[in-house]
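Taken together, the values in this text are just the output of simple stated rules run on the coordinates, not laboratory data. Since the model is a prediction, treat every value here as computed from it, not as a measurement. Neighbour counts run over all protein chains shown; Cβ positions are idealised from the backbone, glycine included.
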Amino acid sequence: MASRIQAIRGMHDILPQDTPRWQYLEDTFRRLAGAYGYEEIRMPLVEKTELFVRTIGEVTDIVEKEMYSFRDLNGDPLTLRPEGTAGCVRACIEHGLIHNQVQRFWYGGPMFRHERPQKGRYRQFFQLGVETYGMAGPELDAELILLTARLWRVLGVQGLRLELNSLGSLAARAAYRQHLVQYMSAREAQLDDDSKRRLQTNPLRILDSKNPAMQALIDEAPRLADCLDEASAIHFSGLCTLLDEAGIAYRVNPRLVRGLDYYEKTVFEWVSDHLGAQATVCAGGRYDGLVEQLGGRPTPAAGFAMGMERLLALLEGGGDSPVVPDAPHAYLVLAGEAALSRGMRLAEQLRDSLPALRLRVNCSGGSFKSQLKKADKSAARIALILGEDEIAQTAVTVKFLREARSQETLAQSELVNYLSAVTA
């Protein structure tokens, strides 16, 4: 007997009993993003490796250790996308979407990182995100946060906290980097292995360490706010004022940094205490220099991305889910050879007349009794029975599967009106 092939570690099947919750989340986000004026964009799953090296940063954990990269048959280095922002910027430059234009886009789909799988962190994971171009003011940053806050309310997700910080301009961050490296280098003996590795390559990531033994050292480190340039400070103050006026609670976290090199000025995260180590549900901020870095004209830009698996975990933990699988309205039982062709034609006529009708046709044979068992197992509200007697009378028998009612026989010409009430 041949061995069974299983899914790749960290890449999961989404089974039919689970897909309604995914569809509910996707549809809710699509409607909300559209209400804010965002249009959908879809980018390839595979991009040139250079795109992510140039944007995310060559010395980041993602590029150094986590990307699924390979060479194609032509020998070109390609990578499965680990995030969505870089591909969106590439698409916008390539198709001329952002030259002297204001744009709001949203996207969704799978991303890939070769990480150690754990709850809320997978090697194939799904994100919903938005990217904006041409808007430099703090009001755009506020809009991104207000959009996400409204999404939590619509979904009924509770317990999320908003954390904010400003990374300042690239020049201000470079100055801060020197202060931080000097401070950490003088205390190198107290650093863990990850922090020692990051010290000369990506020192800001040391501030994001979750190692409890590092926290006192991090608390005493120089603060980025002390090196913040005036323009960034004014921008951040403006954002805080807008959030205050909108009634959005937040905490300024001076240690909040992002693992992607392209961020500057505003960064934010929505975090939860109910997801274990993977506390961040949604994260984003400004990346005003990225378009120019990829060959476009200087363009202010900002966005966010959220992990669908983590959001769904919060929805599951919130009590009664608003999502139930879409069971069939009706199950068509075909009793006898003559009913097969007549039944398939009848089913298509009903679907033509009632586009909202969820009708499942028995296509696997079986006795009349076994077909009724399948109808009941499908969770359909009614069974439509078509047998020799019904064919002779141009009728259909209706059997109620969820109500204590006697079955009844209807003329086939009456079915559309009858079923329209069932689907209402």
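Laid out as a table, the results:
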read-out: Label corresponding to semi-axes √(5λ) of the Cα gyration tensor in Å when calculated from the structure given, among [x] 40, 29, 20; [y] 54, 23, 21; [z] 35, 30, 18; value: [y]
read-out: Region 327-424: C-alpha gyration tensor shape, a/c 1.5 cut-off, then a/b vs b/c; value: rounded
read-out: Alpha carbon centroid spacing (whole Å) that separates region 96-120 from region 256-306; value: 11 Å
read-out: From phi via Karplus (6.51, -1.76, 1.60), per-residue ³J(HN,Hα) for region 27-40 in Hz, x at Gly/Pro; value: 5, 5, 5, 4, 5, 5, 4, x, 5, 8, x, 8, 10, 7
read-out: Taking region 87-138 and dividing mean pair separation by its residue count, relative contact order in percent (alpha carbons under 8 Å, at least six apart); value: 38 percent
read-out: Computed lengthening from L45 to H12, 0.36 nm per intervening residue step minus Cα-Cα distance; value: 10.2 nm
read-out: Electrostatic dipole magnitude of the chain [Cβ: Lys, Arg +1; Asp, Glu -1; Cα centre; debye, to 20]; value: 1000 debye
read-out: By average C-beta atoms within 10 angstrom, highest first, the peptides 134-146, 301-313, 111-123, 65-77; value: 301-313, 134-146, 111-123, 65-77
read-out: Kirkwood Rh (inverse of mean 1/r, distinct Cα pairs), region 84-211, angstrom; value: 18.4 Å
read-out: Full-extension gain in nm, E403 to Q118, via 0.36 nm per residue minus C-alpha separation; value: 98.2 nm
read-out: The chain, relative contact order [Cα under 8 Å, separation at least 6], %; value: 15 percent
read-out: Cα centroid separation, region 355-419 to region 199-241 (Å); value: 66 Å
